[in-house]
Amino acid sequence: MHDLADVIERQRRIILLCDAGVGKSTELKRIAALCSQPGSRFHVELISLNKYVNQSIPEMLCTHWAQVPGDQLFVILDGFDELRARTGTLPFDESSRLRMIILTLISWYPAARIL
């Protein structure tokens with residue numbers, strides 16, 4: 001098994017799939033803290049999707065995110081499964097909208113890492 005921090009160094013797009021309650025959010029917070037340490041080459045944006053209310057990803061990022069070089073931007077999206085838990089199911093149109101938001105972010109910042 002690889003440490004997620006090692007995988008992040010090699011891969012730009014990562015999906016962390018696990019059952020509910022196994023510690024995904026805790027692990028994402030650990031990774032965000034690790035990659036935010038002084039001297040890190042990353043500018044980390046940890047976004048909790050459980051607070052998502054029809055915003056775009058850029059609206060959820062810090063105000064100076066557009067000035068961060070693409071290869072230093074590291075966006076961590078947490079809580080996609082919690083969106084589903086709120087209603088019992090994530091409506092198809094909402095799921096599609098979130099997917100499009102993420103794909104747009106990737107197209108704007110192809111060098112960014114997204115977890």
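The values are calculated or read from the model by the stated rules, or taken from the named source; none is laboratory data. What you see is a predicted model, and the numbers here were worked out from it, not measured in a lab. All Cβ positions, glycine included, derive from the backbone under ideal geometry; neighbour counts span all protein chains shown.
Of note:
- Some residue of segment 43-51 being modelled with pLDDT under 90 and surrounded by fewer than 13 Cβ atoms within 10 Å (Cβ to Cβ): yes
- Scan of segment 11-24 for residues that are over 24 Å from GLY70 (Cα atoms) and surrounded by 13 or more Cβ atoms within 10 Å (Cβ to Cβ), ordered by number: LYS24
- Annotation note: Cβ proximity below 6 Å between a residue of segment 65-82 that is closer than 16 Å to ALA33 by Cβ and a residue that is of a type outside the set (A, V, I, L, M) and modelled with pLDDT of 85 or more (sequence gap 6+ or interchain) occurs for PHE74/CYS35; PHE74/PHE42; PHE74/ARG113; VAL75/GLU45; ASP78/SER25.
- Residue in segment 11-28 that is modelled with the highest pLDDT, counting only those that are part of a helix (DSSP H, G or I) and of a type in the set (S, T, N, Q): THR26
- Looking across ILE31, ILE8, one residue alone is modelled with pLDDT of 90 or more and either surrounded by 14 or more Cβ atoms within 10 Å (Cβ to Cβ) or out of contact with any His (no Cβ under 6 Å at 6 or more places or on another chain) (or both). It is ILE31.
- Residue among ARG99, ARG86 that alone is in a helix (DSSP H, G or I), modelled with pLDDT of 75 or more, out of contact with any His (no Cβ under 8 Å at 6 or more places or on another chain) and surrounded by fewer than 13 Cβ atoms within 10 Å (Cβ to Cβ): ARG99
- Where a residue in segment 20-33 is within 17 Å of ILE8 (Cβ to Cβ) and in contact (Cβ under 8 Å) with a residue 24 or more places away in the chain and its partner, wherever it lies, is part of a loop (DSSP other than H, G, I, E, B) and not hydroxyl-bearing (Ser, Thr, Tyr), with Cβ under 6 Å and at least six apart: LYS24/LEU16; LYS24/CYS18
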